[in-house]
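What follows is a set of notes on a single structure, which appears directly below.
The values are calculated or read from the model by the stated rules, or taken from the named source; none is laboratory data. Keep in mind the model is a prediction, meaning the values are calculated, not measured. Cβ placement follows ideal geometry from the backbone for every residue including glycine, while neighbour counts extend to all protein chains displayed. Only protein heavy atoms, including side chains, enter the accessible area calculation; ligands, DNA and RNA are left aside. Shrake-Rupley method; radii C 1.70, N 1.55, O 1.52, S 1.80 Å.
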Amino acid sequence: RAVGAAVIMPAVNTEAMNAHLQEISTQVAPGAHALLVCDRAGWHATSKGLRVPANISLLPQPAYAPELNPMENVWDYLRSNKLCSLVWNSYEAIVQACKQAWDFLVNDPERIRSIGTREWACVNL
């Protein structure tokens, strides 16, 4: 659907992932179900306190296979085009830069679609 959902947190852990899942859940179309591709990071494990909303299912990818996760392309894009060669003077400045980069991306749905799409991984119905 070319929509995005994100949270900016000071750490990557189960608490942050739970907040992210809640935000993703708000962007799932009514009556739809989202399939979220995730790697095997510890904070993606339901056994460690992860709370997955009812309208989301997790699809763990094989270990060491970032090419299977379209989100890796988004991070690469943001690092290369919006967050590279910069120095920030404070934590607040880092958060603001991340927000500006994300807002740029999320306000261009076709860019999201093009970055996250892999021709070899599409299912045509």
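Only residues that are charged (D, E, K, R) and closer than 13 Å to M17 by Cβ: list them for the range 46-71, please. Once the filter is applied, which keeps residues that are charged (D, E, K, R) and closer than 13 Å to M17 by Cβ, the range 46-71 yields K48, R51. When the range 72-84 is filtered for residues that are aliphatic (A, V, I, L, M) and within 20 Å of A16 (Cα to Cα), the ones remaining, listed by number, are V74, L78.
Evaluation of Y64 against the conditions (1) among the aromatic types (F, W, Y); (2) touching a residue at least 24 places away in the same chain (Cβ under 8 Å); (3) exposed (fewer than 13 other Cβ atoms within 10 Å of the Cβ) shows that the sole unmet condition is (2).
I'd like the residue in the range 70-116 that is in contact (Cβ under 8 Å) with a residue 60 or more places away in the chain and open to solvent by 80 Å² or more (accessible area, probe 1.4 Å) and, out of all such residues, is farthest from P60 (Cα to Cα). Result: Y91.
Residue-level check: of (1) surrounded by 13 or more Cβ atoms within 10 Å (Cβ to Cβ); (2) assigned to a strand (DSSP E or B), S25 misses just (2).
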